[in-house]
Every structure is written in structure tokens, then in C-alpha cells.
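Report on one structure; see the data block that follows.
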Amino acid sequence: MGAFSINYLVRRLLVFFLTLWVAATLIFIIPRLAPGDPISAMVARLSQQAGFVENADKIIEGWKERFGLNDPVYVQYLRFMTGLLGGDLGYSMARFPSTVTELVGRALPWTIGLVGIATFIFFTVGNLCGALLAWNRTPRMVKVLIPMSMIFTSIPPLLAGLLLSYIFAFLLKWFPQTYSYGFGVQPGLTLDFIANVIHHGTLPAMAIVLVTFGYWALGMRGMMVTIEGEDYMILAQAKGLKPFYVLYRYMIRNAILPQMTALAVSIGTLVNGVVLVEVIFNYNGMGTLIVTALREQDFGLIQGTSFILIVTSAFAVLIIDLCYPLIDPRISLEGR
Amino acid sequence: MEMQTENGSERVVLKVEKLRIHYATPQGDVIAVSDISFNLYEGETLGLVGESGCGKSTTAYGILQLVQPPGYIVNGSIEVDGTEVLDLSEEELRKFRWTGLSLIPQGAMNSLNPTMRVKDQIIDVIESHEGKQESKEAMRDRIYELFQNVGLPNRIYNMYPHELSGGMKQRVCIAMGVALHPTVVIADEATSALDVVVQRIVAQTLVKVKDEIGVSLIVIGHDMGLLAQIVDRIAVMYAGKMVEIAPVENIYAEPLHPYTRLLIDSIPSIKERKPLKITEGITHDPRNPPSGCIFRLRCPFAWEHCVEVEPEPIDAEHKHEVACHLYDERFEERRANAFATFANS
């Protein structure tokens, strides 16, 4: 088992924080390169609704002053960065009294829960299916059924979401169509609430699993076939080990390693898919929040949500990276 | 290394009869092993030699029931201590493996599972045949003893394969191969991937362990020099046929089969440079072997009879068989003439 060294840990953490800094800086710069500004946009929207807004210029000026948009860019940048360090992501411009931290804090747990559970399911199911596809003792029935269930792999998550929503929520009414829990249920750690959350989360999670697990199954199958040709597989057979033991201790155990690497790499892409699925199911997570923010040109919220998504992705990759020596004895985290 | 004595036991532990193995290809079956028969006696070390692709490894894997598709056993009988291996059910075969027949694999470099500790790979074979062991200490001591047999230090107990050198991995494979005291151990080119110094040490280890534990051993290889030092008898294969099987002293002093003669004559010597006596180039198409004798296309002594009739193994001496018409009593005269001309050329 590879040993951890403080040296490696420190360097890996430095890379992690460097990622966050670059991400924060880009997030600060990019919206400022876009034409228009949020306050004019908001006032314009208000005037559309009301027909006319008195002293529009003054309002714009006042708000710009309030948000510090008149300061030189570097002052804004410093303020933004110090705010981030203190966990202050600023105010939502469209829903002014609410802070971004507050809005994100309400949405993030739902997304982490949804993505976490979906990832767990598609990674387990996908790899298991892949392993069974390659194993020479798998019943023929199973080998026919698994590829059939993989036809969804090539469709975008958004379509899978719509399809599931139409069939299971609209036609069959087995699952609710929107939101993360029923409006009549009191949030809390009660069985009722948990059951309700699972009931609401099933369709969005299924949409993600359906379009992703085939990818993992195919990857795993390829790895398993490679492993089957290894010299140690012949020895395992010659040793007269029990077939099931050979499957998990010799084949899956070795085939899973590249899959773990692939998982770390794919987390960013995964989040993209989740955003769309959340919107379809009007799931009150980060995806829906981001889309709302974009629609309302809410700079503060766009910056905050994007930043938090990057932080969580980078953190997940960090965790997988640090766990890698635990599953592959050939990799060690000693300073090199 | 000392020469092994010829006076082994007369008890047959492995009896291979008419073993035939084909590889299925779209253009027809390739005949990898063609009706070979031989006996392995108790405590004996038998060397199996031949050119690359002559079917020596396939023979070994056939005996072990490990022929990988598209290869398959067409017919034959493999008896180990009275057990017909080919008749065993899947579960019986699993239990029979490693206790009846074990393998020291070719390319020990990659024959160990990279994600398992050395000890766990030895423990798993013990536990899948003898059941879960109660005492961890007893198991550890048992493995230490195996390590000692093959000259491995105890510190590798908890190591992973990638932390060992090539020679050490090969020794782990030897220790593993004899862990259950099998009747027959088959070493498939066990020393081929090692340098000469390590080769010698590993070969010595192999013989020492074999003698200590009292198993019978089949060593597959193409290094005639190395084999001569460790085996009791040598079986020479050519194109899926066993052409000669003889005690090692006989085969070097007086090889009988023309192919064996050419092979022995071609062993490189450090004192003189010798040309390769065997005609190079393509042999026959393994899908359509020539009629009669398999070696006749490259044999300097072949005549019409070799085209028409396939030679059967002839007992030349005790434990010495040769498959060549020249040793048929009817052709004694021809043999004398042929060898005389050959010696003059």
C-alpha cells in the first residue's frame, strides 16, 4: 500500500488551491468582458414591466455605487477575492436582499445528494454490467439484456429526463414531476421526509444513471477483456481458485483501477449533465439556480454558483486522487 | 549442479496417451499437438524441448487443461496417479488443480496479480483447496517455510509483486507451485526471461525443491545446455510430434532421431563456431502436415518409405523411444549406410 507523505499532500493541496484561484479569477473577468451590465438590464426590465421608471439614471448610478461597480477593476478584484476567502460571495443582484452564499447554501446539498447518489449508482451498476459482459461464466440471457439496456447511452441527459418525466410522472404518475420534496412535507430528519425526498429524487437520478452507466459498462468490459489475457489469469485458473473469487479478486480488482481515474476526469462533464436534468425536473439544486442566474443576468449569483461548482468538482477530484494509492499498490504518494 | 541419476522409480505418475490438440482457425484447424504419448515416472524430471511453435507449451497446457480458445483438445487421455483428468467435472477439476498438477508459469514477471500481496496469493491457493485456515501464525510459518525452500527472505511476505525482482518473482511462483505438494509440477520456460546467472540459480532451486518435496517435474525449455544439467530424461518435439524421448546421458552421447542429432550438433559452443545444421526456413503448413513422417521434408535421410508410412515410437532401450523408420529392424542396413555418409560429409 502506497504511503502518504506530508510533502505530497502539501503539493497536492497547493495544486487544489491554485485551481480555485485561477477559477475565481476567470469567473471575475469573464462577466466583465460581456456587453451590457446587470443594473442597466435590471432597470430596463423594470421599465418594461412598469412602463416607465422614474429617475432611472439615478437608480442605476445608486446601485452601481452600492455594488462598487464604479471602483477601478483591481479594487473590485481585491474586494471579490477577500470576500471569497471569508466565504462571502456577495449579494444576488436580482434578488437583492438574499446573499449568494445563502442561495447556494440552500441549493448545494440537493445537488451534492443527487449527483452523489447517481454517481454511486451508475459507477457500481456500470462497472458490474461491464464485468458481467466480459466474464465467460455470465449466463447468456444477461449478456443479451445488458447491451439492450445500454441503448440510452448515446442520448443526451436532457432527452432522457424528458422521456422519464413523460412516462413515469405524466402518464403513469408513479413519481412526482418537480422539486426535491413535496410541498406538504415538513423538512427534517423524519422517515416521512426522507422517503419523500427519495421519491422525488428517483427520476432525476435515473435520468443521469440511464445515460451514463453504459459508458462505464463499455469501459469496464474493455478493461476486463484486457485483464483476461494477462499471464496471472492463466495462473489463477491453474491454481483452481473458485471462479467467483477470481472474478472479483483478480479481474474486477485490476480492471477497476483505470475506471477510477476516468471517474475523476469525468466529474466536470457530469456536472454539465446534471444542470440540464435539474432544470427539466425543476429540482431546486445548483443547476436550476445557475440557469435562473443566467436568465436574470445576475452577475453575483453566476459568479457564486460557478465558483462553488468548480470548488466541489476540484474537491471530488482531490479526494479520488488521494484515495488512489489505497486501491493501487503500485502508486505511492511518496515525494518523487 | 550434479547430473541426475537415471535409476528412477518405475511407478508412472503421469500417463499421456494420444493427446491431440488443435487450434481452430478460419482456414482450418492447426495441429499443434499430434497424438503424443509419454510416461512420467515418480520423482523424475522430464525436459520437453523443441523449436518455438513445436507444441511443447501447448502440450503442457493440454495436460493442465488450460488450453485457451481457439485451442481445444481433440482426443487423448491424461492420467495422473490413476485419475483421468479429461473425465473430471468442472468442480472436480478445480479441486484437482494444484493438488494433482501445478504450474510454474512462463513469464513469472506478469504471472502474479499486481494488486495482491505475495502472501495473499499463496494463501488463496491454500485456502481454496484446504478451506479457511484457523491459525494465522501457522499459515505464516508454512509460507515462511516455502520461502526458505526456494531461498526467499521472509521480508517479502507483505510485499507486492512490483516490489520484487524478476528472479524473486520466479521463486515466488516456484514456492506457490509446490505449496500443496502436487503430484506433478510443470515448469513452462520457467527460466527463459532471466539472465544466465539468475537462470542457473532458479534452475538449481527448482531441482532442490523438487527433490525435497518429492514431486515429479516436467521442465519445458529450449536451452538444451541448461536442461541437460537438471533433467533425467529429455523429450524432443518436432511440429506437434514427439520424435524421441531418452535419458539425458543417452541423448547427448548418442542421439537417435535425425532431428535430435541435428539439434545436438547445433548447440552453440564457446570454443568453436558451428553452423546451424537444421535447414532453416518454413516447415510444412501445420494445417496440412505431409504424409508419412513429419520430419521428412527437412530430414537428410528420408526415402520413399518415410513418405508412405508414419513412424511409430520404437523402444530403443529402457525408457528410450524414438519415432524413426531407421530404427525399424527391417532398415538396419540403410541406417548404417546413411550415418556413414552423413559422418563423412
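The values are calculated or read from the model by the stated rules, or taken from the named source; none is laboratory data. Computed from a prediction, not measured in an experiment: that's the story for all the values here. Don't worry about glycine lacking a Cβ; one is built from the backbone with ideal geometry, like all the others, and counts go over all protein chains shown.
Take the conditions part of a helix (DSSP H, G or I), within 14 Å of chain B (Cβ to nearest Cβ) and in contact with a helix residue (DSSP H, G or I) (Cβ under 6 Å, 6 or more places away or on another chain) and apply them to A:Ala207. Does it pass?
Spelling it out, it is not the case that A:Ala207 is part of a helix (DSSP H, G or I), within 14 Å of chain B (Cβ to nearest Cβ) and in contact with a helix residue (DSSP H, G or I) (Cβ under 6 Å, 6 or more places away or on another chain).
Test B:Ile73 against the criterion of being in a strand (DSSP E or B), within 19 Å of the chain's Cα centre (by Cα) and either closer than 25 Å to A:Glu230 by Cβ or at the interface with another protein chain (Cβ under 8 Å from one of its Cβ atoms) (or both), and give yes or no.
yes
Hey, among the residues in the stretch A:192-231 that are more than 16 Å from A:Leu263 (Cα to Cα) and in contact with a Leu (Cβ under 8 Å, 6 or more places away or on another chain), which one's surrounded by the most Cβ atoms within 10 Å (Cβ to Cβ)?
This residue is A:Pro204.
Considering each residue of the stretch B:204-220, count those that are buried (at least 23 other Cβ atoms within 10 Å of the Cβ) and of a type in the set (Gly, Ala, Ser), and give that number.
1
Among the residues of the stretch B:182-201, how many are buried (at least 21 other Cβ atoms within 10 Å of the Cβ), β-branched (Val, Ile, Thr) and either modelled with pLDDT of 85 or more or assigned to a strand (DSSP E or B) (or both)?
Qualifying residue count for the region: 3.
For the stretch B:140-181, enumerate the residues that are among the aliphatic types (A, V, I, L, M), within 14 Å of another protein chain (Cβ to nearest Cβ) and not in a helix (DSSP H, G or I).
Within the stretch B:140-181, B:Met159, B:Leu164, B:Ala179, B:Leu180 qualify.
Looking at the stretch A:234-252, I want the residues that are aromatic (Phe, Trp, Tyr) and have a partner that is surrounded by fewer than 20 Cβ atoms within 10 Å (Cβ to Cβ) with Cβ atoms under 6 Å, at least 6 apart or on another chain. Which pairs are those?
That search, which allows pairs on different chains as well, returns nothing.
I'd like to check something: does the stretch A:244-260 contain any residue that is within 9 Å of another protein chain (Cβ to nearest Cβ) and surrounded by fewer than 16 Cβ atoms within 10 Å (Cβ to Cβ)?
There is at least one residue in the stretch A:244-260 that is within 9 Å of another protein chain (Cβ to nearest Cβ) and surrounded by fewer than 16 Cβ atoms within 10 Å (Cβ to Cβ).
I'd like to know if the stretch B:83-105 contains one or more residues that are in contact (Cβ under 8 Å) with a residue 40 or more places away in the chain, within 27 Å of B:Gly214 (Cβ to Cβ), surrounded by fewer than 19 Cβ atoms within 10 Å (Cβ to Cβ) and within 13 Å of chain A (Cβ to nearest Cβ).
Looking for residues that are in contact (Cβ under 8 Å) with a residue 40 or more places away in the chain, within 27 Å of B:Gly214 (Cβ to Cβ), surrounded by fewer than 19 Cβ atoms within 10 Å (Cβ to Cβ) and within 13 Å of chain A (Cβ to nearest Cβ), one finds at least one in the stretch B:83-105, hence yes.
Condition (residue is out of contact with any Cys (no Cβ under 9 Å at 6 or more places or on another chain), hydrophobic (A, V, I, L, M, F, W, C) and within 18 Å of B:Asp81 (Cβ to Cβ)) applied to the stretch B:189-198: is it met by at least one residue?
So far as the stretch B:189-198 goes, no, none of its residues is out of contact with any Cys (no Cβ under 9 Å at 6 or more places or on another chain), hydrophobic (A, V, I, L, M, F, W, C) and within 18 Å of B:Asp81 (Cβ to Cβ).
Within the stretch A:86-95, is there a residue that is within 24 Å of A:Leu294 (Cα to Cα) and within 21 Å of the chain's Cα centre (by Cα)?
There is at least one residue in the stretch A:86-95 that is within 24 Å of A:Leu294 (Cα to Cα) and within 21 Å of the chain's Cα centre (by Cα).
Looking only at the stretch B:107-139, which residues are more than 12 Å from chain A (Cβ to nearest Cβ) and surrounded by fewer than 15 Cβ atoms within 10 Å (Cβ to Cβ)?
B:Lys132, B:Gln133, B:Glu134, B:Ser135, B:Lys136, B:Glu137, B:Ala138, listed by residue number.
Having 3 or more residues that are surrounded by 12 or more Cβ atoms within 10 Å (Cβ to Cβ) and small (Gly, Ala, Ser) is the bar; report the helices (runs of 4 or more DSSP H) wholly within the stretch A:1-111 that clear it.
Counting at least 3 such residues, we get A:38-50.
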